[in-house]
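Any read-out appearing in this document is the output of simple, stated calculations on the displayed coordinates, not a laboratory observation. Just so you know, these numbers come straight off a predicted model, no measurement behind them. Ideal geometry is used to build each Cβ from the backbone, glycine not excepted, and the neighbour counts take in all protein chains shown.
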Amino acid sequence: MINKIFQSAADAVEDISDGSVVMISGFGEAGSPIELIHALVDRGAKNLTVVSNNTGSGNVGLAALIENRQVGKMICSFPRTANSTVFPELYRKGEIELELVPQGTLAERIRAGGAGIPAFYTPTAVDTPLSEGKEVRIFNGIRYILESAIKADFALVKCKSADRLGNLIYNKTARNFGPVMCMAAKTCIVQAREIVEQGKIDPEAVVTPGIFVTRIVEIPHPAHESQLVLENRRYPWI
Amino acid sequence: MDIVKTNSGWDRNQMAQKVALDIPDGSYVNLGIGLPELVAAYVPEGREVIYHTENGLLGMGSAPETGFEDPELINAGKKAVTAIQGACFFHHADSFAMIRGGHIDICVLGAMQVSEEGDLANWSTGEPHSIPAVGGAMDLVSGVKTIFIITQHVTKDGEPKIVGKCTYPLTGKKVVDRIYTDLAIIDVTDAGLFVKELAPGITFEYVQKNTGVSLNRYF
């Protein structure tokens with residue numbers, strides 16, 4: 001019988017090892033799987049390549065993972081936001097690598113990774129510094145650059161509801177990168193606010209079909225990153 | 001005697017109002033972070049405009065009342081917003097398919113520099129110690145049908161932002177359609193930059209003096 005439910009965040013991230021490529025959902029704190037990230041901080045895997053739109057804020061969540069020196073490279077579109085200090089400091093010191101990707105290209109590269117498409121042409125970033133070294137091709141008189149797919153060993157994703165088969169629905173703008181990241185990772189680990197009985201999610205309303213999901217952990221009351229930042233909290237908790 | 005008032009022009013809200021007047025009924029619009037966000041407040045009555053925010057919402061409403069903010073209902077600037085009746089949520093690849101697939105009618109963005117040919121620089125100064133961050137700007141300028149720029153005419157140091165050639169790294173080449181500044185509204189055309197409207201008390205000569213490239217006028 002298929003049962004993707006894990007009892008704890010720690011169990012769910014147990015096999016994330018050094019050098020893994022890890023996708024982390026979220027747009028700022030909306031959709032960021034903070035409990036799974038903290039479990040990965042506890043796990044201590046190093047030299048990770050992390051694919052995420054931002055680089056976290058304060059000293060919790062993704063920022064804590066970076067501060068704990070577990071991330072060798074970030075692939076993201078917007079590495080600085082309000083209260084984002086950990087990444088900028090390490091970047092200025094040359095101690096973390098950055099691959100900057102336009103946000104839509106990032107989403108599409110991840111989607112392509114999950115859909116078996118190795119690369120695609122896009123007009124985004126043509127004639128800008130972010131197209132340097134990329135193949136250019138003209139279709140119907142317009143110039144496009146070749147962008148490659150991104151795949152991951154693991155995805156850490158937050159959603160609202162899941163069933164034991166891994167069907168997911170999300171909450172408002174916390175959906176963002178979750179669905180495409182679920183598709184693009186060999187092992188997709190999801191934290192859900194609630195795990196519901198099979199059949200409770202309307203098949204017409206399923207956003208991520210269960211086939212893309214490997215593990216589910218129920219986290220009924222996820223921490224609010226902005227609240228923790230406001231309180232100057234730091235992970236690991238002290 | 002100098003009777004021409006040359007040191008004022010439109011304020012931020014009046015600039016936003018000018019942009020809003022040029023958004024047709026029924027448009028799907030994406031507003032950039034900061035000054036462009038003001039535009040939403042000035043859409044004339046009787047026009048229905050649907051706002052897209054690239055983090056996955058079509059039908060973005062105004063900011064919620066204090067105490068009703070939802071950290072999972074935000075805009076691209078990561079500020080709390082609301083969703084109108086009839087709004088919908090979607091994932092990032094769909095959201096950027098709306099942008100990159102040419103489905104969004106108008107995008108209003110800020111600028112560091114705009115060139116005579118409509119090149120836009122608005123994401124990086126290119127300085128060695130700056131943290132480069134691009135977000136969705138390059139996707140928007142390459143995919144949205146019409147790009148409006150709303151910006152102060154000159155920098156804080158008084159340097160022209162409308163120039164012959166951008167010195168900052170480009171966001172996109174030949175992408176800007178119209179520029180709204182505190183001094184004037186300027187169209188980007190194949191024949192060069194054309195002043196369409198001057199702010200009250202502002203002369204064409206004054207606008208020209210504060211612009212890094214030759215301007216034309218329709219009137």
task = Take B:Asp119, B:Asp139, B:Asp157, B:Asp187 and order them by how many other Cβ atoms sit within 10 Å, fewest up front.
result = B:Asp157, B:Asp187, B:Asp119, B:Asp139
request  = Before rounding to the nearest 500, sum -39500 (n - 2.57) across all DSSP H runs of length at least 4 in chain A and divide by the residue total; then give [θ] at 222 nm in deg cm²/dmol.
outcome  = -6000 deg cm²/dmol
task = Tell me what chain B gives for mean residue ellipticity at 222 nm when only DSSP H runs of n ≥ 4 count, each as -39,500 (n - 2.57), the sum divided by the residue total, rounded to 500 deg cm²/dmol.
result = -4000 deg cm²/dmol
message = What percent of all Cα-Cα pairs in the stretch A:12-126 falls into each 10 Å bin, going from 0 up to the bin containing the maximum distance?
response = 14, 47, 32, 8, 0
message = At 0.890 mPa s and 25 °C, plugging the Kirkwood radius over alpha-carbon pairs of chain A into Stokes-Einstein gives what diffusion coefficient in µm²/s?
response = 135
Exercise: per-residue mean of other protein chain Cβ atoms within 10 Å, B:50-58 = 4
task = Averaged over every viewing direction, what's the projected area of the C-alpha convex hull for the stretch A:81-156? Give it in nm², one decimal, please.
result = 7.1
Cross-link reach list, lysines versus A:Lys151, counting only Cα pairs under 17 Å and skipping chain neighbours closer than eight places = A:Lys73, A:Lys186
inquiry  = With angles folded into 0 to 90 degrees, how steeply does helix B:12-21 sit against the dominant principal axis of chain B? Use alpha carbons for both and round to 10.
reply    = 70
inquiry  = So if I take the alpha carbon set of the stretch B:84-177, get Rg, then get Rh from the Kirkwood formula, what is the Rg over Rh ratio?
reply    = 1.03
request  = Just need the relative contact order of chain B here, percent rounded to a whole number, with Cα pairs under 8 Å and 6+ apart.
outcome  = 21
ask   = Taking Cα atoms of chain B, Rg/Rh with Kirkwood Rh, to two decimals?
value = 0.98
task = Can you tell me the relative contact order of the stretch A:128-238? Whole percent, Cα pairs under 8 Å, sequence separation 6 or more.
result = 25
query = How many lysine pairs does the stretch B:94-187 hold where the Cα atoms are under 18 Å apart and the two sit 8 or more places apart or on different chains?
reply = 6
remark   = Here Rg/Rh (Cα, Kirkwood) for the protein assembly as shown equals 1.00
message = Please state the shape class of the stretch A:92-226: rounded when a/c is under 1.5, otherwise prolate if a/b exceeds b/c and oblate if not, all from the C-alpha gyration tensor.
response = prolate
inquiry  = For the ranges A:226-237, A:155-166, what's the packing order if you count other beta-carbon atoms within 10 Å of each residue, average per peptide, and put the highest first?
reply    = A:155-166, A:226-237
inquiry  = Using Cα springs under 10 Å in a Gaussian network model of chain A, which residue among A:Ala205, A:Ala152, A:Ala112 shows the largest mean-square fluctuation?
reply    = A:Ala205
inquiry  = I'd like the per residue volume of the convex hull spanned by the Cα atoms of the stretch B:36-81, given in cubic angstrom.
reply    = 83
